[in-house]
Amino acid sequence: MIKIEDYPLTRVPQDKRVSFLSVAIVHMGMLTALDQFMLGAVLGNSMTLIDAFTAIFVGSLIFGVVTYGLGLAGMREGISGSLLARWCGFGRLGSVLIGVVVAISLLGWFGIQNAIFAKSLDFALGNKLGFGLAAGLSGTLLTILVAFGFKALRIAARIAVPMFIMLVAFISVTALSGHNLQEIIQLAPPGEPLTISAGITIVVGGAIVASLMTPDLTRYSKNGKHVLGVTLFTIIAGEFVVNGLAILIAKTLGTADVVTIMSQAAGGAGLLVVVFSTLRVNDLNLYSSSLGIVNAVEGITGKKLKYTYTTLVIGILGTTLSVLGILDRFVDFLTVLGVVFPPIIGIMLVDYYLLRSHRKILDESRRTGQLPSETPTIGWAAIVASIAGGAVGQATEWGVPTINSLVAASLLYWVLKLAFSRAQKPLASQKSL
């Protein structure tokens, strides 16, 4: 049984490692949710079928490489992603900043998922509430439930996954029966067009937070083959099955609106599953975001915020995002994620596998099962390179934004570290004289 909150500041012992399936099922759950279906629906509504699957293939390739690299490091060291970042360029305070970025992204996801919940609720009630009121009510209710640990929410979360998978299977059969592949290929995308490069970036953006969180799970894995299997298992289930079916369904029905798709194909039962799915995802989004902010504030100031009050504040902010229309900016949101997170991951991979800045102390401490006794305070080179890489991905109009940000940050970090190490050598020589 995996518990992400276990061993928060220590290595996972070898005798606590678990089976391949135990890790794979939890990891797969990150990408077999409603948000991936929403992403697939956007691709199907805005791209030709071939272009949409090209975006999934290239985006999955990028996701797979960086996820496997981080997951392997997590398995090898037995530590979580946030801890790993301390000795992969960012230092203690830098890793705290990463936690803040993750928390903010989860806040955005909360707003989007709550908007879907509100649309479903308003639709089911005959549009009598109005979206703004529905979003306010659903966000407030969910925030209170998560803040005060309402156990029924956990029960709803457990039944949401199988219900969602069965619903996707049912809708696929219903919507796609009577249509052959050649007919679907010839359908023109009815939505606002997306280029392949934009499609690749939002595919990466939809999954990249899961990539950064992968070491949290693979630290429980027994070997590298298990990490590779976990990565492939998740890509096949989340990207090609859930995303792929959503592309076909959206193209066939001519809409990217998940509520419309569910209500057309499955009626009230479909809307009920949407509600359960958003409960499940937003429970995790709000919990993880609140925990990230509490840990960040404690890491920077030494003060520990109360979890309940923090959850209430973040829930109110997320609900406000819903009311203000974050769902209408879904593609923009994924694009931002697709250029902000790859630089962070690229820097960690460059530092761990190529520069190996702290591999010696990691290796030595691993033999004793402890964490390194030395922890860098802050990695300015990593922070500067991350910001610059994200800016390059956001600003450049050529190529693929997510690749641009990843490569730019990785190269800049490499150059800054080499320049810094060369600058240190003359100083060391002068001291020895």
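Averaging 1/r over every pair of different alpha carbons in the chain and inverting the result gives a Kirkwood radius of 22.4 Å. The value for segment 242-286 of Rg(Cα) / (2.2 N^0.38 Å) is 1.24. With 28 Å as the limit, the listed pairs Lys225/Lys251; Lys16/Lys360; Lys16/Lys304; Lys119/Lys251; Lys225/Lys360 have Lys225/Lys251; Lys16/Lys304 beyond it between alpha carbons. Working note: Cα gyration tensor of segment 279-360, eigenvalues times five, square-rooted, sorted largest first, giving semi-axes of 29, 22, 10 Å.
In what sequence, highest mean first, do 138-147, 359-368 appear when ranked by Cβ atoms within 10 angstrom?
Highest mean packing first, the order is 138-147, 359-368.
Can you work out the FRET efficiency for the pair Asn180 and Val297, with r the C-beta to C-beta distance and R0 = 45 Å, to the nearest 0.05? It comes to 0.20. Gyration tensor analysis over the Cα atoms of segment 186-271 returns equivalent ellipsoid semi-axes of 31, 17, 11 Å (largest first, whole Å). The value obtained for segment 114-227, namely the Cα convex hull volume divided by the number of residues, is 229 Å³ per residue.
Summary of packing: across the peptides 82-92, 271-281, the per-residue average of other C-beta atoms within 10 Å ranks them, highest first, as 82-92, 271-281. Solvent-accessible surface of segment 88-235, taken per residue with a 1.4 Å probe and all protein chains present: 43 Å². Descending by average beta-carbon neighbour count within 10 Å, the peptides 174-181, 383-390 line up as 383-390, 174-181, the highest first.
Multiplying the residue separation of Ser373 and Arg359 by 0.36 nm and subtracting their alpha-carbon distance yields 3.7 nm. Shape call for segment 287-433 from the C-alpha gyration tensor, a ≥ b ≥ c root eigenvalues: rounded (a/c under 1.5), prolate (a/b greater than b/c) or oblate? Oblate shape, in that a/c is at least 1.5 and b/c is the bigger or equal ratio.
For Val415 and Ile159, the difference between the fully extended length at 0.36 nm per residue and the C-alpha to C-alpha distance is 87.2 nm.
Expressed as a whole percent, the accessible surface of segment 30-80 that belongs to carbon and sulfur atoms is 76, based on a 1.4 Å probe.
Two numbers describe the Cα atoms of segment 183-224: Rg and Dmax, which are 17.1, 47 Å. Adding -39500 (n - 2.57) for every DSSP H run of four residues or longer, then dividing by how many residues the chain holds, sets the calculated 222 nm ellipticity at -25500 deg cm²/dmol.
Over segment 8-108, the hull volume per residue, using the convex hull of the C-alpha atoms, is 133 Å³. Considering all C-alpha pairs of segment 32-172, those separated by over 17 Å amount to 76%. Roughly how many percent of the accessible protein surface of segment 299-407 is carbon and sulfur, given a 1.4 Å probe and a whole-percent answer? Roughly 63 percent, rounded to a whole number. Centroid-to-centroid, using Cα positions, segment 339-400 and segment 86-134 are 26 Å apart. The stretch between Val65 and Thr260, if pulled fully straight at 0.36 nm per residue, gains 66.7 nm over its current Cα-Cα span.
Quick one: pull the percentage of alpha-carbon pairs in segment 199-323 with a separation above 18 Å. Counting every Cα pair in segment 199-323, those more than 18 Å apart make up 70 percent. The fraction of accessible area contributed by carbon and sulfur in segment 185-265 is 64 percent, rounded to a whole number (1.4 Å probe; ligands and nucleic acids excluded).
The values are calculated or read from the model by the stated rules, or taken from the named source; none is laboratory data. This structure is a prediction, so every number in the text was calculated from the model and none was measured. Cβ: placed from backbone, ideal geometry, glycine included. Neighbour counts: every protein chain shown. Areas reflect the complete protein model, heavy atoms only, side chains present, ligands, DNA and RNA absent. Shrake-Rupley method; radii C 1.70, N 1.55, O 1.52, S 1.80 Å.
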